1. Could you compute Rg(Cα) / (2.2 N^0.38 Å) for the range A:268-379, with N its residue count?
2. Measuring from a point 7 Å past the Cα of residue A:299 along Cα-to-C-beta, which residues in the range A:356-378 have an amide N at less than 13 Å?
3. Extending each Cα 7 Å along its Cβ direction at residue A:200 and residue A:212, get the distance between those two points in nm, one decimal.
4. Quick check on packing: order B:29-38, A:182-191, C:73-82 by the mean number of other C-beta atoms within 10 Å, highest mean leading.
5. What is the list of residues in the range A:124-153 whose amide nitrogen lies under 20 Å from a point 7 angstrom out from the Cα of residue A:191, following Cα to Cβ?
6. Report, in whole Å, the centroid distance computed from the Cα atoms of the range C:29-78 and the range A:143-172.
7. Report for the range A:232-380 the percent antiparallel among DSSP-assigned beta bridges with both residues inside it, nearest 5.
8. Over the range C:1-134, what is the mean sequence separation of C-alpha contacts under 8 Å (at least six apart), divided by residue count, expressed as relative contact order in percent?
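A short reminder: the numbers here are calculations on the coordinates, not readings from a lab. This structure is a prediction, so every number in the text was calculated from the model and none was measured. Positions of Cβ are backbone-derived with ideal geometry, glycine not excepted, and every protein chain shown enters the neighbour counts.
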């Protein structure tokens, strides 16, 4: 047997992926079901000269993660439900100041303390809009342990490339499930590092309005002596209340993601070409959905699966195309209807959108999806 | 060799907010507030102790420059 | 037009600063700069982090690597910076509300870890930026916009909190005793560990006026009159120290520093691998 094949949990795989992507700092706080992310970081990071710190709370771990990134290390923090709520303020700071970092949120049953050990997908909207104000963000969601590894690499690459925080939105099933994973050869991984300034130190603009809308980033201690603030700032990084500047900055922030969304967005399709009913699911539920598609096909039903791997920005264009072809969309998600809102917005009246929502701490099963398919078929 | 480097008290009126701290604690009463800004009214008495500069919250008064002592 | 010191260490195009007439935050900020100057630190290797409030505006003026963070969180950000690059001299400038109310948890845990960060708390006994609400250091019975009938809250003694939580260098100074404040900051920066210097400051606009203490000069005189050196205080009975500001070195000890300890851990693992 090859020595790069392991039986591993999603949480473990995520950290191995992160370290292979160059993560050298992790600040965490214990919370179920994400604790293993901190534990494996504490175990593995010092072995590669990296640093782990258990902070006093979730707020502090988000802050330390941003600070470490600003000082030059690829940094991550991880949490779950209540902790994700606590991180929102500083997550917004990272969006505003454009500091690359990765935040893993292993979703569990909510609201509040909810069902700490049970799976859910209730942070589809919080991961997009949890912090106040208009802001850009990238959210990606793995469906398997192998993807937990690969998406950790992808999350760091996207955050470094676009100078933005990236949320790795997992769920308890993917986080705690153990399955086979084949760790790729490190030389085969594409690793992206932040774009560095090339100008003289006294000419550096930390928030320069570049053509690709991504300002080069110097690290603290490299001699650039710039200022970073959560206040609305201009290209120099210093506060500005000028409305024309504020408008320019917020537009650049949002357009930075919009402009590059083709590079950012990733999705998966299974038998959608001739499908009359298309399932839309992500994370662990997408696996139930795929089983349901197989079962439905064996019964001669034209059912397919559309799986967004990038949740935000949502793969809008492709879904719109599918909306012109299929009659029905069933959005199966472990919440009471979040992603379905986005699907409805995109599909409009091109097809009928149905929700299969569940938030009782149990995963949606293939049988439940089959029942929903039958129900939708009866509508015609 | 007839030029000796020394220091004198200098006021930057543009930055002075007229709080009066330098005036109140000057040991030799060199300063006064006039029209809301500090003014050097008794330069001969200045001992160049620098307390005004240390305490000024606005960096509006300091010891600096060179004095020609030919 | 400014002194060589100011021209060297400040972003001249950002001055004059926004603080009110007679607010001594400028004095305390300059004490930090004088301490850095005295130690001859390279500006590129100094990182200054602040939170939110009047004190936090200091970072915008100071020509170093500067980070203006969220309310109360400066120490948590600074901890990440110091861990990532222990070579940086990391300084936190914070206020009484920022450090001991919303940031209280970060404050005590930074003390506990003894991470090599020097924190200067500009304590003006009030929330100034929002217009004069009482803070954890507003004296009991004082007035604030949220204490219109007098504050019933007991106060935090910032230095005692820091010393008890594990900071290894703790001192208190005032804007009046500027030279002593500078000396304390120098010692704090020299301490390999977590240092807290409380810089007692005046807010004539919100604290002084509402509490009828008088103008900037009157408030400054009060700092002089209320201050008792820590050595003198040791000989005085508690009733004589009521309402006094005890200034000087409160604590100075040596304890393993956090980033050193982490490096030892990395080295140990490397050794074991051999």
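1. 0.94
2. Only A:366-378 pass the distance filter.
3. If labels sit at residue A:200 and residue A:212, their model points lie 2.6 nm apart.
4. In descending order of packing, they fall as C:73-82, B:29-38, A:182-191.
5. Hits in the range A:124-153 for residue A:191 at 20 Å: A:147-153.
6. What the calculation gives is 33 Å, centre to centre.
7. Taking every DSSP beta bridge within the range A:232-380, about 25 percent pair in antiparallel fashion.
8. Across the range C:1-134, relative contact order equals 22 percent.
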